[in-house]
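A short write-up of the structure that comes next.
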Amino acid sequence: QVQLVESGGGLVQAGDSLRLSCAASRRTFSVYAMAWFRQAPGKERDFVAAISRSGGATYYADSVKGRFTISRDDVKNTVYLQMNSLKPEDTAVYYCAAVERWNPPREANSYDYWGQGTQVVVSA
């Protein structure tokens, strides 16, 4: 098993940037493909970005492409989500997820491990 702990959320204005972090408990962090999802009030949990086990491939939702960047540091057992040019519609709870696969799926129900979430609020 692996425990995931997100941090870095907060209240920002439109156009600002935030960097989310997700720290994993296991030293074998490198066996996991990692992803970020988000869930706004009253909505389903949506795919945001993902990174392959090797870090060589990244994937993004169309709504964040060009603004968000996912990365991983296997020495620190941490995955990051750099969010630039934030918009009010980016407001949501952001969750980190892990699955022991080479390449990350986009479906939330394919992931085995989840963090508790970190709130991001973007004001207009």
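Rule-based calculations on the coordinates, nothing more; no lab input. These numbers come from a predicted model, not from an experiment. Counting neighbours? That spans all protein chains shown, and the Cβs are built from the backbone with ideal geometry, glycine included.
Relative contact order of the chain, taken over Cα pairs closer than 8 Å and 6 or more residues apart, is 37 percent. Here r is the Cβ-Cβ distance between W102 and V75 and R0 is 25 Å; the resulting FRET efficiency, rounded to 0.05, is 0.80. A Förster distance of 22 Å, applied to the separation of the beta-carbon atoms of A14 and S54, puts the FRET efficiency at 0.05. Computed over Cα pairs, the Kirkwood radius of the chain leads via Stokes-Einstein (0.890 mPa s, 25 °C) to a diffusion coefficient of 174 µm² per second. In terms of Cα atoms, the Rg and Dmax of the range 46-101 work out to 11.6, 34 Å. The mean sequence distance of close C-alpha pairs (under 8 Å, at least 6 residues apart), as a share of the length of the range 56-124, puts its relative contact order at 29 percent. Once the Cβ-Cβ distance of S25 and N84 is raised to the sixth power relative to R0 = 35 Å, the FRET efficiency obtained is 0.75. Around the Cα centre of the chain, unit charges on the Cβ atoms of Lys, Arg, Asp and Glu (plus for the first two, minus for the last two) sum to a dipole of about 220 debye. The packing ranking, built from the mean of other Cβ atoms within 10 Å per residue, places the peptides 45-53, 95-103, 67-75 in the order 45-53, 95-103, 67-75, highest first.
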